[in-house]
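The values are calculated or read from the model by the stated rules, or taken from the named source; none is laboratory data. As the structure is a prediction and not an experimental result, all values here were calculated from the model. Heads up, the Cβs are rebuilt from the backbone with ideal geometry, glycines too, and the neighbour counts pull from every protein chain shown. Surface accessibility is based on the protein's heavy atoms, side chains included, excluding ligands, DNA and RNA. Shrake-Rupley method; radii C 1.70, N 1.55, O 1.52, S 1.80 Å.
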Amino acid sequence: MKRIILSGGGTGGHIYPAVAVAEALQRRCGDGVELLFVGAEGKMEMEKIPALGYRIVGLPTAGLQRRFALSNLALPFKVLKSVGRARRTIREFGADVVVGFGGYASGPVLWAAQRLGIPTLIQEQNSYAGLTNKILAHGARRICVAYDGMERFFPAERIAHTGNPLRGRFAVPTEADRLEGLAAFGLDAACPTVLVVGGSLGCRTLNETMKAWLARQEFRPPFQVIWQTGKYYEAEMRRFLEEHPAPGVWQGAFIDRMDRAYAAADVVVSRSGACSVSELCLVGKPTLFVPSPNVAEDHQTKNAQALVDRQAAVLVADAEAPARAMETAGELLADPARRALLARNIAALAVPDAAERIVDEIEKIW
């Protein structure tokens with residue numbers, strides 16, 4: 001029996017890669033592996049992970065607020081308490097390996113494991129490594145990455161290019177998949193379609209971009225749109241469309257079957273978080289990225305730029321999106337040759353077996 005701790009959370013971009021690796025470990029090892037997740041108290045992983053049937057322990061850690069906040073004064077004490085609780089959890093569980101996927105809890109858990117001599121593995125999802133991972137990499141046995149050139153952050157001899165692990169089945173869609181996807185959203189198979197997706201919580205910039213674009217089109221859009229608004233903005237955007245009906249626009253807070261949405265789309269407009277980028281590589285869709293500027297080290301811009309440099313995507317800055325993102329998407333719809341180039345190049349970056357590759361690396365260090 002091998003006992004493995006997986007730590008990652010705060011956002012779905014940290015949680016679901018960890019779950020994908022957990023599922024891959026169970027497929028390969030069956031009853032020969034026992035898993036424990038470690039997250040941050042009050043964060044979404046404390047709800048999502050148990051709902052998927054896994055055990056999780058919470059730490060009282062928190063992140064540093066970029067603006068002055070009184071909560072920052074308590075951060076050192078929370079970190080020290082978290083390291084102590086992580087050390088106790090590792091010992092009681094009898095961990096053979098600890099795997100970190102980022103998020104508030106990942107740092108204390110990896111730090112404690114390394115001090116105890118437990119082998120650790122880091123999965124860095126972005127093209128620009130975060131500060132915590134750069135520090136912890138010095139004690140990690142393996143660092144699994146999704147982008148080339150990561151030796152500028154990590155010891156080259158410990159890097160493994162595995163890609164980002166994803167849950168679900170994503171692949172380049174067939175024509176039958178496209179028709180099924182369009183039917184699911186009640187859209188016309190003869191009309192070009194753009195998917196605008198801002199994540200499960202939503203993206204203010206992309207929602208405002210849609211509102212401004214629809215107003216410029218006098219609410220008669222020249223192509224169909226699947227508009228995923230996110231739960232934070234659902235009521236506001238629904239009221240907007242009720243007041244300004246626009247034919248050919250599907251709007252919803254959340255899309256349960258993203259594979260259908262990708263299949264239906266001819267062009268995708270998206271943020272450039274690590275998981276979104278990896279999904280779009282797997283489905284091979286021409287994509288216009290609007291990176292969030294509100295993330296550590298501006299890593300979404302760096303993620304998107306890595307694809308732009310390979311002629312695998314288009315980038316529009318967040319501040320420019322309301323004025324030009326949808327028009328740029330329309331230009332892509334009108335240029336089949338460029339869409340084909342982008343689709344070919346982004347699909348070439350896909351790593352469909354990323355979770356299995358990470359399990360390979362875990363097995364090397366236990």
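Listed values, structure above:
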quantity: Cβ crowding within 10 Å averaged over residues, with 247-255, 149-157 ranked highest first; calculated: 247-255, 149-157
quantity: Length-normalised contact order for region 191-315 - Cα pairs under 8 Å, 6+ apart - percent; calculated: 24 percent
quantity: With Cα atoms, 0 to 90° folded angle of helix 175-184 axis to the chain main axis; calculated: 80 degrees
quantity: Solvent-accessible surface (1.4 angstrom probe) belonging to Asp148, in square angstrom, nearest 10; calculated: 90 Å²
quantity: Percent carbon-and-sulfur accessible area, region 96-231, ignoring ligands, DNA and RNA, probe 1.4 Å; calculated: 52 percent
quantity: Test item: Cα-centred dipole of region 1-47, Lys/Arg +1 and Asp/Glu -1 on Cβ, debye; calculated: 220 debye
quantity: Relative contact order of the chain, pairs being alpha-carbon contacts under 8 Å that are 6 or more residues apart, as %; calculated: 16 percent
quantity: Cut-off under 5 Å, modelled amide H: who pairs with Ser127 long-range; calculated: Asn303
quantity: Amide H contacts under 5 Å for Phe153, placed H, 5+ residues apart; calculated: none
quantity: Listed residues Ser278, Ser200 arranged by accessible area, highest first, probe 1.4 Å; calculated: Ser200, Ser278
quantity: Violating pairs (Cα-Cα greater than 30 angstrom) within the set Lys231/Lys364; Lys134/Lys364; Lys134/Lys285; Lys211/Lys302; calculated: Lys231/Lys364; Lys134/Lys285
quantity: Mean residue ellipticity (222 nm) of the chain, computed from DSSP H runs ≥ 4 via -39,500 (n - 2.57), nearest 500; calculated: -13500 deg cm²/dmol
quantity: Which labelled figure in [x] 76, 44, 40; [y] 63, 44, 38; [z] 57, 49, 43 is Cα extents along the principal axes in Å, once derived from the coordinates; calculated: [y]
quantity: Helix axis angle, 12-29 relative to the chain longest principal axis, alpha carbon, degrees; calculated: 60 degrees
quantity: Surface per residue (accessible, 1.4 Å probe) for region 188-290, Å²; calculated: 37 Å²
quantity: Probe 1.4 Å - accessible area at His161, Å² to nearest ten; calculated: 80 Å²
quantity: Relative contact order of region 131-211, defined on C-alpha pairs under 8 angstrom at six or more residues apart (%); calculated: 18 percent
quantity: Estimated vicinal HN-Hα couplings, Hz - region 134-147 in sequence order (Karplus 6.51, -1.76, 1.60; Gly, Pro = x); calculated: 5, 6, 6, 4, 5, x, 7, 6, 9, 10, 8, 10, 10, 10
quantity: Area of Tyr104 that stays accessible when all protein chains are in place (1.4 Å probe, Å², to 10); calculated: 90 Å²
quantity: Per-residue ³J(HN,Hα) for region 291-300, Karplus 6.51 cos²θ - 1.76 cosθ + 1.60, θ = phi - 60°, Hz, x for Gly and Pro; calculated: x, 6, x, 9, 10, 4, 6, 6, 5, 5
quantity: For region 125-130, 3J(HN,Hα) per residue [Karplus equation, 6.51 cos²θ - 1.76 cosθ + 1.60, θ = phi - 60°, Hz, x = Gly/Pro]; calculated: 7, 9, 7, 10, 5, x
quantity: Largest-first ordering by accessible area, 1.4 Å probe, given options Asp266, Asp360; calculated: Asp360, Asp266
quantity: Amide proton proximity set for Gly248, modelled H, under 5 Å, gap of 5+; calculated: none
quantity: DSSP-assigned coil residues among GluC sites (Glu not before Pro) in region 159-245, each with at most 12 further Cβ atoms within 10 Å; calculated: Glu218
quantity: Residues of region 94-162: accessible area per residue with a 1.4 Å probe, Å²; calculated: 35 Å²
